[in-house]
Amino acid sequence: MIYPTTLQSIDMLVWLTEGSGESILTGWKMFSEIKQLKATGLNKSQTARHLGINVKTVSRYWNVDADGFAEIRLCLADQAEGPDSVERPEDGTEHG
């Protein structure tokens, strides 16, 4: 999967895929809007109220760049798969 690395490319990705039903893009749209509102001078609380999301969510992404956000999304997706998705060798140990 290709991840956008600038706010402009994030906006383009969101625009191209709106309505596609891919949940990760909701995250990209949220990330993009947080960055845009930050750029306008809003603080974290104002941004959270404007977007209708928790201020902790805004804080999590406030100083993250697009590459960092992509990495966070991948980690969250891996966690959502759960422990059953880990392939274990026959001896029952996990290798990471």
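Of the helices (runs of 4 or more DSSP H) lying entirely inside segment 38-81, those carrying at least 3 residues that are loosely packed, with under 12 Cβ neighbours inside 10 Å are 66-81. Starting from residues that are touching a Gly at 6+ places or on another chain (Cβ under 9 Å) and modelled with pLDDT of 60 or more, keep the ones in segment 53-96 and report whichever is nearest to Thr40 (Cα to Cα). Across segment 53-96, the extreme among qualifying residues is Tyr61.
The values are calculated or read from the model by the stated rules, or taken from the named source; none is laboratory data. As the structure is a prediction and not an experimental result, all values here were calculated from the model. Neighbour counts run over all protein chains shown; Cβ positions are idealised from the backbone, glycine included.
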